[in-house]
Amino acid sequence: SGQVRGLCGTFNGDQRDEFTTPEGDVEPGVAAFANAFRAAGACPALGPGIPAPCDSFPGSRERAEAACAVLMGPAFQ
């Protein structure tokens with residue numbers, strides 16, 4: 001607790017600062033938060049509506065389930 005930051009949030013018990021960007025700003029929405037971590041030119045910026053990634057990109061569901069398994073596993077308990 002209190003030792004993480006970034007896309008995993010802050011895990012400090014205060015949900016108001018979960019969307020803290022690398023610059024230390026707190027974004028009110030998911031798209032602005034995600035765009036703050038985007039590598040320039042690597043992928044398009046998110047707009048106000050979040051796309052359904054599993055519908056848009058083949059193989060995304062399998063990769064997402066594998067990544068979530070790590071986050072839900074013993075390392076993050």
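The values are calculated or read from the model by the stated rules, or taken from the named source; none is laboratory data. Everything quoted here is computed from the prediction, not taken from an experiment. All Cβ positions, glycine included, derive from the backbone under ideal geometry; neighbour counts span all protein chains shown. Each accessible area value is taken on the protein alone, full model and side chains, heavy atoms only, with ligands, DNA and RNA left out. Shrake-Rupley method; radii C 1.70, N 1.55, O 1.52, S 1.80 Å.
Odds and ends about this structure:
- Chymotrypsin sites (Phe, Trp or Tyr not before Pro) lying in DSSP loop within the chain, provided at most 13 other Cβ fall within 10 Å: 11, 37
- The residues of region 7-77 expose on average 76 square angstrom of accessible surface per residue, using a 1.4 Å probe on protein heavy atoms.
- A DSSP coil position with no more than 12 other Cβ atoms inside 10 Å describes the following GluC sites (Glu not before Pro) in region 14-77: 23.
- Net charge of the neighbourhood of residue 33, taken over other residues with C-beta under 15 Å away and scored Lys/Arg +1, Asp/Glu -1, is -2.
- For the chain, the share of accessible area belonging to carbon and sulfur comes to 59 percent (1.4 Å probe, ligands and nucleic acids excluded).
- Ratio Rg/Rh, restricted to the chain and using Cα atoms, in which Rh is the Kirkwood radius: 0.98
- On the beta carbon distance between residue 71 and residue 23, with R0 = 22 Å, the FRET formula returns roughly 0.35.
- If R0 is taken as 22 Å, the Cβ-Cβ distance between residue 52 and residue 12 corresponds to a FRET efficiency of 0.10.
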